[in-house]
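This report refers to the structure that appears directly beneath it.
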Amino acid sequence: MSSHEPEPPSPTTDPDRYAPSSVTRPPRDMASRTNTSNWSSPLARLAIKISQLPDGPVNALCGASAGVASGIVTCPLDVIKTRLQAQGSFRPRQYTGPTRAVYKGLTGTARVIWLEDGIRGLYRGLGPMLLGYIPTWAVYMSTYEATKDYLNPHMENKWLARTLASIAAGGCSTLVTNPIWVVKTRLMSQVSSRAAEEHRPPWHYKNTFDAFRKMYAKEGIGSFYSGLTPALLGLTHVAIQFPLYEFLKMKFTGLEMGQADAKSQDIHWFGIAAATVLSKICATSATYPHEVLRTRLQTQQRSLPTHSHDHISFRGGHQGQGHHTRPPGTASSDGMINMPRYRGILKTCTVILQEEGWRAFYNGMGTNMVRAVPAAVTTMMTFEGLKLVHQKLKIEGTKIREEDL
């Protein structure tokens, strides 16, 4: 960032980020009457308990709830995006026929899935998605807020502090939840038995737990960390999105992420939505190709180490009619090892460029925008709304505790 550009607004230095504005306290008897009229006994007890909770667990709970809400809303679009990203990865290597795209755009892909699998096809992978969103956003939001609160007093550059907090939070959540996202991607890319052979992946899972069991038995623990490198490259996405979101929210509302106006206790929905949309579009446009790389690596089947003398583990290969490659762990007719199609970031980029051209790196980007923006808006509005509820309960609980002293 140029030295002539203004720095984003600094966060408030008030030690209590959610403290109510200073007002003249009414007499004790008046406050008791007001409390009795506005707060039932169970709600008062809940407010007292919430006021005693540290911010970490609250941020984790709000983040997990926000992720689940966005997952339910956008699962069909995520399925469509995954099908578009994975398209072309199941072709036999020696296939010389014309390239035929089955999935074409948002509506075309939705139509194919609906005709082949029905409504269940559009919600395939919802289980691991919800299972993944809970720890992903719980870890991310709690780590982001804790890291940011630690760095802010020690760093003058707030852009850098927010960027480092985003990278740290994204790295922790990615390492914890990558196995769940691999299973989700496998399930979402799984097609109907009526689909053409060349577009059918070399696996079939009945449900989430069946996928975990079969992947561990047939491919080993390493299969759950397929695509980890491009997933970590995805940290550039959150490194752009969240600092930009906070900057824009501060511009639009004067408040940081997770903050609400303590005086009016209103939430600035329009400002939050505008900041979310702009930050998400910028981050997605800049970093989308890594998602295609991650999907290709996650949908490539692995094999366990063979019992051969070299103990090499092979991946890839297709079996069945119409496929000209041999099963994993074997050699071709000329004695060359049957290597996987996608091996690492650079090799995967080269193969995609040679076989499908540069446009393949942006397969499903339009659908991803349609999915990612509503998902981000749902996530951030749910998170900010829950934080507002927490703020109100915390303020009221603090008042009740002080009155009881």
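Below, the figures for the structure above:
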item	result
First in segment 289-307 and under 15 Å from ASN363 (Cβ atoms) and of a type in the set (A, V, I, L, M, F, W, C), second anywhere and at pLDDT below 80 and part of a helix (DSSP H, G or I), Cβ under 7 Å, 6 or more apart	VAL292/GLN85; LEU293/PRO230; LEU293/ILE345; LEU297/PRO230
Which listed residue, of TRP137, TRP159, is under 23 Å from PHE212 (Cα atoms), among the aromatic types (Phe, Trp, Tyr), modelled with pLDDT of 85 or more and surrounded by 15 or more Cβ atoms within 10 Å (Cβ to Cβ)	TRP137
Yes/no for LEU61 being part of a helix (DSSP H, G or I), at pLDDT 50 or above and over 20 Å from GLN391 (Cα atoms)	no
All positions within segment 202-258 that are among the basic types (Lys, Arg) and either under 15 Å from SER279 (Cβ atoms) or part of a helix (DSSP H, G or I) (or both)	ARG213, LYS214, LYS218, LYS249, LYS251
Residue in segment 166-187 that is within 14 Å of VAL79 (Cβ to Cβ), touching a Lys or Arg at 6+ places or on another chain (Cβ under 6 Å) and modelled with pLDDT under 85 present	yes
Enumeration of residues in segment 78-90 that are modelled with pLDDT of 55 or more and more than 16 Å from LEU115 (Cα to Cα)	ASP78, LYS81, THR82, LEU84, GLN85, ALA86, GLN87, GLY88, SER89
Some residue of segment 168-177 being within 17 Å of the chain's Cα centre (by Cα) and within 19 Å of GLN85 (Cβ to Cβ)	yes
Cross-chain or 6+ apart pairs with Cβ under 6 Å, segment 245-257 first and touching a residue at least 24 places away in the same chain (Cβ under 8 Å) and farther than 16 Å from ASP149 by Cα, then crowded, with 20+ Cβ neighbours inside 10 Å and aliphatic (A, V, I, L, M)	TYR245/ALA275; LEU248/ALA275; LYS249/ALA275
Residue check for LYS184: part of a helix (DSSP H, G or I) and surrounded by fewer than 22 Cβ atoms within 10 Å (Cβ to Cβ)	no
Positions within segment 349-367 being closer than 17 Å to LYS81 by Cα, in a helix (DSSP H, G or I) and of a type outside the set (Lys, Arg), in sequence order	ALA360, PHE361, TYR362, MET365, GLY366, THR367
Filter result for the condition that a residue is surrounded by fewer than 18 Cβ atoms within 10 Å (Cβ to Cβ), out of contact with any Asp or Glu (no Cβ under 8 Å at 6 or more places or on another chain), modelled with pLDDT of 90 or more and on the phi < 0 side of the Ramachandran plot, over LYS251, LYS263, LYS280	LYS251
Scope segment 283-318; condition closer than 20 Å to THR348 by Cα, of a type outside the set (Gly, Ala, Ser), at pLDDT 50 or above and assigned to a loop (DSSP other than H, G, I, E, B); matching residues	TYR288, THR299, GLN300, GLN301
Odd one out for TYR123 among (1) farther than 15 Å from LEU61 by Cβ; (2) touching a Cys at 6+ places or on another chain (Cβ under 9 Å); (3) touching a residue at least 60 places away in the same chain (Cβ under 8 Å); (4) not hydrophobic (A, V, I, L, M, F, W, C)	(3)
Of residues in segment 338-374 being buried (at least 23 other Cβ atoms within 10 Å of the Cβ) and of a type in the set (Gly, Ala, Ser), the one farthest from the chain's Cα centre (by Cα)	GLY364
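The values are calculated or read from the model by the stated rules, or taken from the named source; none is laboratory data. No experiment lies behind these values; they were computed from the predicted model shown. Please note: Cβ atoms are built from the backbone with ideal geometry, for glycine as well, and neighbour counts cover all protein chains shown.
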